[in-house]
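The values are calculated or read from the model by the stated rules, or taken from the named source; none is laboratory data. Just so it is clear, the model here is predicted, and its values are computed rather than measured. Note that each Cβ is placed from the backbone with ideal geometry, even for glycine, and that neighbours are counted across all protein chains shown.
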Amino acid sequence: MNPLYTKSLSLALLAASPIMLSACAQKSNAQEADRFAKVEIKTQKLTDNIAVLFGAGGNIGVSYGPDGTVLIDDQFAPLTKKIEAAVAALEADPVKYLINTHWHGDHSGGNENFGKAGALIMAHDHVRQRMAGEQTDGRGNDPASPKAALPVVTYEDGLKLHLNGDEVHVKHMKNAHTDGDSIVFWKNANVIHMGDLYFNKVTLPFIDLNSGGNARGVLAAAEQALALANDDTQIIPGHGPMATTADLKDYRDMLKSVIGSVEAARSEGKTLEQIQAMKPAAKWDTNKDAFIKGDAFVKAVYMSLEKPAH
Ligand SMILES: [Zn+2]
Ligand SMILES: [Zn+2]
């Protein structure tokens with residue numbers, strides 16, 4: 001069995017999808033294949049040479065043109081053929097460069113396939129480090145990834161790609177959703193891919209504390225993305241539909257409000273249980289099927305505040 005199939009957190013993140021039922025369970029190849037067989041990759045064009053692909057797992061950014069096709073994240077291994085078909089339908093060349101926004105398997109599960117097909121994989125240093133070893137996200141263990149799945153080019157702070165008439169800025173965001181998150185900003189096209197630093201409408205934020213995540217880092221990342229954005233910026237969230245700058249501002253304000261409430265109550269000596277009872281995230285805790293509900297988010301914020309600020 002391909003170990004990437006068992007990335008349990010990633011599967012659990014497929015909220016409201018039948019695939020999430022397989023989370024944490026060791027399914028046979030046939031069962032897994034059947035679940036992914038039903039997934040359809042939907043394409044939304046954002047500009048003449050940038051599109052977003054929605055399927056199962058993290059949203060994929062595609063940028064293409066004469067200098068080659070760049071993929072941002074690659075969902076799950078069984079979807080690679082469908083993703084390749086969606087890229088070809090854009091009349092784009094096969095993937096030449098692949099950037100992972102972070103290590104979670106719903107964003108990097110196709111790495112081995114794309115790596116073997118010749119794509120150059122790039123990600124933050126910690127993405128490679130985490131994928132190279134066994135990981136736990138608190139919901140299950142992920143085995144080490146095979147060599148072909150590992151990023152070949154890694155960076156500490158970020159890098160820039162000069163391709164297809166644009167400057168693609170890849171910027172690391174410190175200790176946020178994980179400790180290896182990057183956002184991707186197409187400067188000329190004015191598009192930002194946020195990875196899981198932004199869940200648009202589908203769930204409250206998931207902070208992977210076991211992977212070095214911190215709620216304050218998610219807020220800082222939203223602020224940094226907003227500093228790059230203007231009113232016309234198109235924002236690709238890690239999960240959920242396309243967003244505007246105004247949507248991301250709402251998300252930033254939600255983070256500020258909940259972190260502020262938890263911090264204030266904590267400094268008054270209130271316990272986690274007392275703070276959860278105050279329901280500081282209630283206003284945004286509206287999706288009963290969400291992967292992360294109010295109490296879980298408040299707990300992650302509370303635990304984030306116990307760690308040193310970055
Ligand atoms: Zn994700
Ligand atoms: Zn993630």
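Is at least one residue of region 84-105 within 16 Å of ligand 1 (Cβ to nearest atom), surrounded by 16 or more Cβ atoms within 10 Å (Cβ to Cβ) and aromatic (Phe, Trp, Tyr)?
Taking every residue of region 84-105 in turn, at least one turns out to be within 16 Å of ligand 1 (Cβ to nearest atom), surrounded by 16 or more Cβ atoms within 10 Å (Cβ to Cβ) and aromatic (Phe, Trp, Tyr).
I need every pair where a residue in region 175-197 that is under 15 Å from ASP73 (Cβ atoms) and touching a residue at least 60 places away in the same chain (Cβ under 8 Å) has its Cβ under 9 Å from the Cβ of a residue that is aromatic (Phe, Trp, Tyr) and away from ligand 2 (no atom under 13 Å from the Cβ), sequence separation at least 6 or different chains.
SER182/TYR155; VAL191/PHE185; HIS193/PHE185; HIS193/TRP186
Quick one: which strands (runs of 3 or more DSSP E) lie wholly within region 51-107 and hold at least 2 residues that are within 16 Å of ligand 2 (Cβ to nearest atom)?
Result: 60-63.
Residue check, THR136 against (1) more than 23 Å from ASN190 (Cβ to Cβ); (2) over 18 Å from the mean Cα position of the chain (by Cα), all met but one. Which one?
Single failed check for THR136: (2).
Report, by residue number, each residue of region 33-71 that is farther than 17 Å from ILE192 by Cα and surrounded by fewer than 16 Cβ atoms within 10 Å (Cβ to Cβ).
Selection gives ALA33, ASP34, ALA37, LYS38, GLU40, LYS42, PRO66.
Output the residues belonging to region 64-83 that are aromatic (Phe, Trp, Tyr) and either farther than 20 Å from LEU163 by Cβ or within 16 Å of ligand 1 (Cβ to nearest atom) (or both).
PHE76
Among the numbered criteria (1) more than 16 Å from ligand 2 (Cβ to nearest atom); (2) within 17 Å of the chain's Cα centre (by Cα), which single criterion is violated by ASN214?
(1)
Mind checking which residues of region 253-303 are of a type in the set (D, E, K, R) and either in contact with a strand residue (DSSP E or B) (Cβ under 8 Å, 6 or more places away or on another chain) or touching a residue at least 60 places away in the same chain (Cβ under 8 Å) (or both)?
ASP285, ASP289, LYS293
Rundown of residues vs (1) at pLDDT 95 or above; (2) exposed (fewer than 15 other Cβ atoms within 10 Å of the Cβ), yes/no style:
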site: ASP232; (1), (2): yes, yes
site: ALA246; (1), (2): yes, yes
site: SER257; (1), (2): yes, yes
site: VAL262; (1), (2): yes, no
site: ALA277; (1), (2): yes, yes
site: ASP289; (1), (2): no, yes
site: GLU306; (1), (2): no, yes
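State yes or no: is GLY118 closer than 13 Å to VAL39 by Cβ and not in a helix (DSSP H, G or I)?
no
Going by the conditions given, is GLY212 surrounded by fewer than 24 Cβ atoms within 10 Å (Cβ to Cβ), touching a helix residue (DSSP H, G or I) at 6+ places or on another chain (Cβ under 8 Å) and either among the acidic types (Asp, Glu) or touching a residue at least 40 places away in the same chain (Cβ under 8 Å) (or both)?
yes
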